[in-house]
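*Asks:* Mind looking over this structure? Questions follow.
The values are calculated or read from the model by the stated rules, or taken from the named source; none is laboratory data. The shown structure was predicted, so the numbers you read here are calculated from the model rather than taken from an experiment. Note that we place each Cβ from the backbone using ideal geometry, even for glycine, and neighbour counts take in every protein chain shown.
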Amino acid sequence: MSDNLAHYARIIEADLGIAVNALPGGGAAGGLGAGLVAFMPADLRPGLDIVAKALGLDAIVASADLVITGEGRIDSQSMRGKAPVGVAALANRHGKPVIVVAGALGYGAEMAYSRGIDAMFSVIQECCTIEVALAQAAENVQIAARNVAAAIKIGRKIQQQPMPEIF
């Protein structure tokens, strides 16, 4: 599929002089966006920006104590514009901690910590097929939510204890 989209992008550039591969969001996964820019008067904007504005997310986050967001999978590619990283940036502007609940944590997920995400929890409990993961999704989301709540409870208990003297 990506070979076909790359070919499509080369044709658009050759025929119309528009380098859609250079557009943010117009690369291999941006076939629709690239087509809209090439053939219609369209501007590409990050989806999170549109949704955040529609929801009034800035005000919601500003009034929250904690932000919990989610994604199907957090991995190294998540740093390139997936919603949790954008939500974390917004939350960080307001000094709010961020927890991500993801279907899975993949290679490079730890990079999210440097992007303002404070904790991550995987919904999947063990290696399994996608069919098994989907069949167990409701139960596994409940378990992940319980784990998040337990971590928050631990944090509150720690806050209530006096700091030990180290020396």
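*Asks:* Scan the stretch 124-136 and give yes if some residue there is surrounded by 13 or more Cβ atoms within 10 Å (Cβ to Cβ) and under 24 Å from Arg156 (Cα atoms), otherwise no.
*Replies:* Checked the stretch 124-136: no residue is surrounded by 13 or more Cβ atoms within 10 Å (Cβ to Cβ) and under 24 Å from Arg156 (Cα atoms).
Listed here are the residues, each with its yes/no results for (1) assigned by TED's automatic domain parsing to the domain that holds Ser78; (2) among the small types (Gly, Ala, Ser); (3) closer than 15 Å to Gly70 by Cα; (4) in a helix (DSSP H, G or I).
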position: Gln125; (1), (2), (3), (4): yes, no, no, no
position: Asn140; (1), (2), (3), (4): yes, no, yes, yes
position: Ala151; (1), (2), (3), (4): yes, yes, no, yes
position: Ile166; (1), (2), (3), (4): no, no, no, no
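*Asks:* Then there is this: Of everything in the stretch 58-84, what is within 22 Å of Ala145 (Cα to Cα) and of a type in the set (A, V, I, L, M, F, W, C)? Give them in sequence order. Before the answer, list the steps.
*Replies:* If we filter the stretch 58-84 for residues that are within 22 Å of Ala145 (Cα to Cα), which is where we start, we get 60-61, 63-75, 78, 82-84.
Scanning the stretch 58-84 gives Ile60, Val61, Ala64, Leu66, Val67, Ile68, Ile74, Ala83.
*Asks:* Tell me, please, whether a residue that is more than 17 Å from the chain's Cα centre (by Cα), surrounded by fewer than 11 Cβ atoms within 10 Å (Cβ to Cβ), not small (Gly, Ala, Ser) and not assigned by TED's automatic domain parsing to the domain that holds Leu23 can be found in the stretch 64-77.
*Replies:* Within the stretch 64-77, one or more residues are more than 17 Å from the chain's Cα centre (by Cα), surrounded by fewer than 11 Cβ atoms within 10 Å (Cβ to Cβ), not small (Gly, Ala, Ser) and not assigned by TED's automatic domain parsing to the domain that holds Leu23.
*Asks:* What helices (runs of 4 or more DSSP H), lying completely within the stretch 17-110, carry at least 1 residues that are in contact with a strand residue (DSSP E or B) (Cβ under 9 Å, 6 or more places away or on another chain) and not charged (D, E, K, R)? Full working, then the answer.
*Replies:* Working: elements: 31-39, 47-55, 57-62, 83-93.
Hits in the stretch 17-110: 57-62, 83-93.
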